[in-house]
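The values are calculated or read from the model by the stated rules, or taken from the named source; none is laboratory data. All of these numbers come straight from a predicted model, not from anything done at the bench. Neighbour counts are summed over all protein chains in view; Cβ atoms, including those assigned to glycine, are modelled from backbone coordinates with ideal geometry. Accessible surface areas use protein heavy atoms only, side chains included; no ligands, DNA or RNA. Shrake-Rupley method; radii C 1.70, N 1.55, O 1.52, S 1.80 Å.
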Amino acid sequence: MKRIGIFYGSATGTTAGVAHRIASAFGVEDKDVRDVASSAPADVAQYDILILGSSTWSGGELEEDWYDFIDGLQALDLSAKKVALFGCGDETMADTFCNAVGTLYERLQPTRATFIGEYPADGYTFDKSTASDGATMRGLVLDEVNHPELSAGRIKAWTEKLKTEM
């Protein structure tokens, strides 16, 4: 069985909560749900599937704990790994909605990881986002501020999709 590791950055606890909800959908143990603030990039070596999540801050930035971690990941060869992305944002930030997911995607390109888990952009309201190519999102994006009632259904649909891509 493939080992799943979930790594997240969360300043307020919202993204941490989502990470644990995703873990529950996969039956991932708590020890495999890791805050990047207290993890090293080398910790990803033990996993076949990486699920990486960040909240989006300020002008569309990653959660601050991600910066050193992502720098370390960029130095690794992740060609044997599948990577899925998720993020939390606020649709009222219409020009930067969930840009952190787009930043993770772009910054991890040199690692040669295989990305899985695109999600339809239908049902979201934003003007632009680096997390989207227009038709799809580069992963699961959630607005826990304005639309928390949609999160459970989106998490379920996304995790079911991921199970077929793993």
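Rounded to the nearest 10 degrees, the inclination of helix 14-26 to the longest alpha-carbon principal axis of the chain is 60 degrees. Region 136-164 and region 41-86 have their alpha-carbon centroids 19 Å apart. Multiplying the residue separation of residue 75 and residue 14 by 0.36 nm and subtracting their alpha-carbon distance yields 19.1 nm. For the chain, adding -39500 (n - 2.57) for each run of n ≥ 4 DSSP H residues and dividing by the number of residues yields -8500 deg cm²/dmol at 222 nm.
Rg over Rh for region 75-166 works out to 0.98, using Cα positions for both radii and the Kirkwood form for Rh. Calculated FRET efficiency, residue 121 to residue 3, Cβ-Cβ distance, R0 = 41 Å: about 0.85 to the nearest 0.05.
Accessible surface for residue 3 stands near 80 Å², nearest 10, in the context of the full protein assembly shown (1.4 Å probe). Distances between placed amide hydrogens fall under 5 Å for residue 136 paired with 121, all partners being 5 or more residues away or on another chain.
Quick one: which of 128/163; 128/156; 2/31; 82/156; 2/128 span more than 23 angstrom between C-alpha atoms? Among 128/163; 128/156; 2/31; 82/156; 2/128, the Cα-Cα distance tops 23 Å for 128/163; 128/156; 2/128. Note: relative contact order over the chain, using C-alpha pairs below 8 Å and six or more positions apart, is 21 percent. Note that the chain presents 45 Å² accessible area per residue, ligands and nucleic acids not counted, probe 1.4 Å.
Dipole size in debye (nearest 20) for the chain around its Cα centre, Lys and Arg Cβ +1, Asp and Glu Cβ -1? Write down the numbers at each step before the final one.
Working: 15 positive and 26 negative charges, 149 e Å.
For this selection, approximately 720 debye.
Would you work out the relative contact order for region 5-55, in percent, from Cα pairs under 8 angstrom that are 6 or more residues apart?
On the way: 63 pairs, mean separation 29.4, N = 51.
The value is 58 percent.
Taking the C-alpha atoms only, the angle from helix 151-165 to the longest principal axis of the chain is near 40 degrees. Placing dummy labels 7 Å off each Cα toward the beta-carbon, the span from residue 109 to residue 149 is 3.9 nm.
Would you work out if the chain is rounded, prolate or oblate? Take a ≥ b ≥ c from the square roots of the eigenvalues of the alpha-carbon gyration tensor; rounded if a/c is under 1.5, else prolate when a/b is larger than b/c, oblate otherwise.
Working: a/c = 1.43, a/b = 1.27, b/c = 1.13.
Taking the square roots of the gyration eigenvalues as a ≥ b ≥ c, the chain is rounded.
Our estimate of slack between residue 64 and residue 43, defined as 0.36 nm per intervening residue step minus the Cα-Cα distance, is 5.7 nm. Taken along the Cα-to-beta-carbon direction at a fixed 7 Å, the label points for residue 29 and residue 128 span 4.6 nm. For the chain, carbon and sulfur atoms together expose 50% of the accessible surface, with a 1.4 angstrom probe and every protein chain in place.
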